[in-house]
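The values are calculated or read from the model by the stated rules, or taken from the named source; none is laboratory data. Quick caveat: nothing in here was measured; it's all calculated off a predicted structure. For neighbour counting, all protein chains shown are included, and Cβ atoms are generated from backbone atoms with ideal geometry for every residue, glycine included.
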Amino acid sequence: MTLREYKEKRLYDPEFSQAYFATKPEMNVIRAMIDARISQNISQKELAEKTGIAQTEISKLESGKRNPSIKLLQRLADGMGMVLKVTFVPKDELVKSLMLDLDSAEKRAETEGWIDAEDLEREMKE
């Protein structure tokens with residue numbers, strides 16, 4: 001079973017899918033912050049120096065331990081020479097977005113050697 005298949009299967013569980021979709025906006029912001037920083041080829045420390053935001057705070061933001069304000073996101077964007085853009089999309093595009101997320105996660109899993117979905121399911125049962 002692939003990671004995509006595993007996630008698709010889990011999404012049929014109402015409790016899992018509710019939790020997944022509830023955290024999706026936060027995860028999108030976190031992913032955007034990390035992707036933006038990596039695209040600029042800068043470390044958290046370098047971003048901290050450019051923005052005046054402590055590296056520990058950037059780490060907390062990227063790990064989801066702290067929720068950023070719009071002002072803080074703007075400071076991060078400025079420090080990377082980028083513009084902050086927030087969009088609202090119709091809910092029916094959520095399924096399309098989910099499938100893209102699954103594809104992306106599966107590719108990362110394969111290239112980075114993440115745990116196999118079957119192994120993950122076995123671990124969850126133990």
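Below is a table of values for the structure above.
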{"quantity": "Total residues in the range 73-108, condition modelled with pLDDT of 85 or more and not small (Gly, Ala, Ser)", "calculated": "13"}
{"quantity": "Residues of the range 64-76 satisfying the condition of being closer than 15 Å to Asn28 by Cα and either under 14 Å from the mean Cα position of the chain (by Cα) or surrounded by 12 or more Cβ atoms within 10 Å (Cβ to Cβ) (or both)", "calculated": "Gly64, Lys65, Arg66, Asn67, Pro68, Leu73"}
{"quantity": "Residues that are in contact (Cβ under 8 Å) with a residue 24 or more places away in the chain and outside any helix (DSSP H, G or I), drawn from the range 22-43", "calculated": "Gln40, Ile42"}
{"quantity": "Residue within the range 17-36 that is modelled with pLDDT under 90 and more than 15 Å from the chain's Cα centre (by Cα) present", "calculated": "yes"}
{"quantity": "The range 24-49, subset surrounded by fewer than 16 Cβ atoms within 10 Å (Cβ to Cβ) and in contact with a Gly (Cβ under 8 Å, 6 or more places away or on another chain), residue farthest from Leu100 (Cα to Cα)", "calculated": "Gln40"}
{"quantity": "The one condition in (1) surrounded by fewer than 16 Cβ atoms within 10 Å (Cβ to Cβ); (2) of a type outside the set (Phe, Trp, Tyr); (3) under 18 Å from the mean Cα position of the chain (by Cα) that Lys91 fails to fulfil", "calculated": "(3)"}
